[in-house]
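Please read the structure below before turning to the comments.
The values are calculated or read from the model by the stated rules, or taken from the named source; none is laboratory data. The model shown is predicted, which means the values in this text are computed figures rather than measured ones. When we count neighbours, we look across all protein chains shown, and the Cβ atoms used for this are built from the backbone with ideal geometry, even at glycine. Just so you know, the surface numbers come from the protein's heavy atoms only, side chains and all, with ligands and any DNA or RNA stripped out. Shrake-Rupley method; radii C 1.70, N 1.55, O 1.52, S 1.80 Å.
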Amino acid sequence: MTLSVNNVSKTIEGNPILENVTFDMVGGSIVGLVGRNGVGKTTLMRLIAGEMQPESGQIQFDETGRASVFYLDTLSNWMTSYTAILAADVLAVFYPQFNREHFEEILCSQKLPLNKTISSFSKGQKALVYIAAGIASQANYLLFDEPLDGLDVFVKDHFKALLLEAVDEGRGVIIATHNLAELDSLADRTLLINDRYVIEQENDTDIVKIQFVYEGDELASNLTDVATILEKRGRVYIALISESLIPAIFTDTTTYKFVEILSVTTEDIFRKELG
Ligand SMILES: Nc1ncnc2c1ncn2[C@@H]1O[C@H](COP(=O)(O)OP(=O)(O)OP(=O)(O)O)[C@@H](O)[C@H]1O
């Protein structure tokens, strides 16, 4: 099961939003989609869902086709004016494999009423209904835009468990989010959109995060030229640097003290690429 996005470009009202976007997603994986506000994350999801057409490039699915994509705009969508029971009737038309029992079971497990209009639900409750709809749709590709927004920690845990079940079944998930810390525990890969282009964040680079104490006045240029300083508190610095450069730079142990290696997070990479 593969979704292929090939050289996709999109312009809205004369403004180029995405250019030559190319990536593949295989089933059984979670892809994180990150980037600054207004950079084009939702646009990319809408293109994949077929709600918009690209100017150029192709979005190709395996034999299951676009009918097997689940995407709902979390801010405004048709479901809000329905009760969960009626929404399930509509979802069953869109998604022939829709599992009504599973949908209702997820909502009931979170004590959400099935016969109340969804517009009367809280932000977090609405988010849960959309997530439940996606999971129960049985669609092979689930596209979620800020799915964790407004969810309390317990509902979040429940959502993550449902998501991992879906992935175990071989389904592919794309999560667009600003919640970078959550992505670290969920995504297999992260795609960063920056200035119209998508950059794949490789997990296997030799970039490491280091924390060190600097006893000199100003950081030496042999460090600042090759490192990204993420944080400075007094004499304590946190920086991203290629691991292979550490021995050459941190030779002077009277000015550099306590060099410690920390794990790199998606937020660190985000700051490095966009800061
Ligand atoms: N229907 C539209 N009409 C005009 N401009 C639009 C439309 N949809 C999106 N845009 C513009 O396209 C750009 C990308 O929007 P998009 O919603 O994809 O960003 P995003 O990365 O999802 O943002 P955010 O993180 O703030 O949700 C923005 O500049 C937005 O103003």
Counting other C-beta atoms within 10 Å, and keeping those with at most 16, which DSSP coil chymotrypsin sites (Phe, Trp or Tyr not before Pro) do you find in segment 127-203? none
Cα-based reach from residue 257 at 15 Å (exclusive), listing aspartates and glutamates while leaving out same-chain residues under 8 positions away: 215, 217, 218
Could you sort 178, 158 by their accessible area in this structure, using a 1.4 Å probe and putting the largest first? 178, 158
Debye, to nearest 20: dipole size of segment 37-152, +1 on Lys, Arg Cβ, -1 on Asp, Glu Cβ: 280 debye
accessible surface per residue for the chain, probe 1.4 Å, DNA/RNA/ligands not counted, whole Å² -> 49 Å²
Roughly how large, in nm² to one decimal, is the mean projection of the convex hull of the alpha-carbon atoms in segment 11-85? 7.0 nm²
Compute, for residue 195, the solvent-accessible surface of its heavy atoms (probe 1.4 Å) with the complete set of protein chains present, and express it in square angstrom to the nearest 10. 100 Å²
Any idea what angle helix 123-137 forms with the longest principal axis of the chain, computed on alpha-carbon atoms, 0 to 90 degrees, nearest 10? 70 degrees
Cross-link table 41/123; 10/232; 160/272; 10/111; 41/156, entries beyond 32 Å C-alpha to C-alpha: 10/232; 10/111
What is the percent carbon and sulfur in the accessible area of segment 2-201, measuring with a 1.4 Å probe over the protein chains and ignoring ligands? 48 percent
Given a 1.4 Å probe and the protein chains all in place, what does the accessible area of residue 21 round to, in Å² to the nearest 10? 0 Å²
Heavy atoms only, probe 1.4 Å: what % of the accessible area of segment 207-274 goes to carbon and sulfur, would you let me know? 49 percent
Charges on Cβ only, +1 for Lys and Arg, -1 for Asp and Glu, centred on the Cα centroid of the chain; of 108, 236, 140, which one is farthest towards the dipole's positive end? 108
Would you mind working out the magnitude of the charge dipole of the chain relative to its Cα centre, with +1 at each Lys and Arg C-beta and -1 at each Asp and Glu C-beta, to the nearest 20 Debye? 820 debye
Taking a cut-off of 14 Å, what percent of all Cα-Cα pairs in segment 166-239 are separated by more than that? 74 percent
Under a GNM of the chain (C-alpha, springs under 10 Å), which listed residue has the highest mean-square fluctuation: 83, 254, 11? 254
Give the longest segment of the chain that steers clear of trypsin sites (Lys or Arg not before Pro) in DSSP loops with at most 14 neighbouring Cβ atoms within 10 Å, not counting the sites themselves. 117-234
Residue order for 143, 219 - accessible surface, 1.4 angstrom probe, largest first: 219, 143
With every atom except the alpha carbons ignored, what do you get for Rg and Dmax of segment 114-231, in angstroms? 19.8, 67
Any idea what % of Cα-Cα pairs in the chain are farther than 37 Å? 25 percent
